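Nothing in this text is a laboratory measurement; each read-out follows from the coordinates by a stated rule. These figures come from a predicted structure and were not determined experimentally. Quick reminder, even Gly has a Cβ in these numbers, built from the backbone with ideal geometry, and neighbours come from all protein chains shown.
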Amino acid sequence: MEKLLSIEEVAEILGLEYKTIYRLIRGGELPAARVGRVYRVSRADLEAYLERQKQRVHEEATGRKLVAQMEVRCGNCGQRIVSELGIAGRCEVCQAALCASCFGIEKIKRCKTHQEDAAETQTMT
């Protein structure tokens, strides 16, 4: 079972006050489970909330809705990319989508297939 986050942990992750997170939960914007007298939030629900916020900001800024994508996965790690905002970069060779973790953090510039092709070429020389 996935570890559930406390309101304090969610507030720390988002850099917000405890009261703000509590209001989001009570208002139904951020899904949470009540365990005894304490609210808990799953990471998946927190990520979904953040994705909705990104889409809302994009729509307000551009005046257009994001188009829902078919099943798009990162060309390196295979992680599902929910919207076009989740595509941080593309493979230099085939333009396959790369997620923020691979492209932005790990600085990967090619999909797994083209990384392997480049590695094979280097070992042959």
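To keep it simple, each residue is scored yes or no on (1) buried (at least 18 other Cβ atoms within 10 Å of the Cβ); (2) within 26 Å of residue 58 (Cα to Cα); (3) over 12 Å from the mean Cα position of the chain (by Cα).
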position	(1), (2), (3)
78	no, yes, yes
81	yes, yes, no
85	no, yes, no
91	yes, yes, yes
94	no, no, yes
99	yes, yes, no
106	no, yes, yes
116	no, no, yes
119	no, no, yes
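Among the residues of the range 7-58, just one is assigned to a strand (DSSP E or B), surrounded by 11 or more Cβ atoms within 10 Å (Cβ to Cβ) and of a type in the set (Lys, Arg), namely 40. Scanning the range 11-44 for residues that are among the aliphatic types (A, V, I, L, M) and farther than 24 Å from residue 81 by Cβ yields a count of 9. Residues in the range 77-96 that are among the charged types (D, E, K, R) and closer than 20 Å to residue 49 by Cβ: 80, 84.
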